[in-house]
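Okay, structure first, notes after.
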Amino acid sequence: MTKRFRSLIGALLLPSIMFGIAACSGNSSAQTTTLPWSDNFDDPKSGWTITSDLSGDAKYDSSKLRITVKNENLTIWSTAGKKFRDGVFAIDAQPIGGPQDNGFGVLFRVTDRKNFYHFEISSDGYWRAGITKDGKWTNWADWMQHPAIKTGGESNRLRIVMKGKKLEYYVNDQLINTREDASFAQGDIGVMALTVIDQPGTDVVFDNANVTEK
């Protein structure tokens, strides 16, 4: 069993320490946000979920949104507090510290903390994507390498195309995966970072978020 897979199991068995998930409420009652929408994180009151604990932080920092995961085997996320249907969600993600064996990425069509889609990459060039439905985390694709992913401390542009039930996943303008799923038609967007077993310290900044017409 790989370290990454054990990390996922540990996270699912220990929801009480996943305060990033607990802080994520989605925005199912809000009106659909008008497109195009963007946020460069210059305004610390623009609405993203902020949290801080001995285990890690999600905060505005120098005109970026920064997530630091201090404990091993932990996921922390932040959501924008918006609501979107179809569109193209894109954001820059750059690790600035911690191990190469990590994970960071995006959430989209977030209904609440138990229902959303996810897409992550790692500093050593891997990616995964899947769904959490009624609290059950499922990976459609689980940590596979792809040459489009810039490794080390380089920035990657993540992009999700949402067209009804069709979902497209891009890294640096290269198509990584496609999937059809009709579980969620709308919801919030978010960003996340995670650590695996024996590898604490993931530190990632996000910038230049936007959602445009498909």
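The values are calculated or read from the model by the stated rules, or taken from the named source; none is laboratory data. Because the structure is predicted, anything quoted here is derived from the model rather than measured. For neighbour counting, all protein chains shown are included, and Cβ atoms are generated from backbone atoms with ideal geometry for every residue, glycine included.
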Those residues that are over 18 Å from residue 82 (Cα atoms), of a type in the set (Lys, Arg) and crowded, with 16+ Cβ neighbours inside 10 Å, I need them from the range 100-149; list them, please. 128, 133
Yes/no for residue 38 being hydroxyl-bearing (Ser, Thr, Tyr), over 24 Å from residue 184 (Cβ atoms) and either over 16 Å from the mean Cα position of the chain (by Cα) or not in a loop (DSSP other than H, G, I, E, B) (or both): no
In the range 41-72, how many residues are part of a strand (DSSP E or B) and either more than 22 Å from residue 211 (Cα to Cα) or among the aromatic types (Phe, Trp, Tyr) (or both)? 8
Is it true that residue 188 is farther than 22 Å from residue 48 by Cβ and not aliphatic (A, V, I, L, M)? no
Before we move on, is residue 194 modelled with pLDDT of 95 or more, closer than 18 Å to residue 143 by Cα, crowded, with 23+ Cβ neighbours inside 10 Å and not polar (S, T, N, Q)? yes
Among strands (runs of 3 or more DSSP E) entirely inside the range 78-170, those with 1 or more residues being farther than 30 Å from residue 44 by Cβ are 126-133, 136-145, 156-163
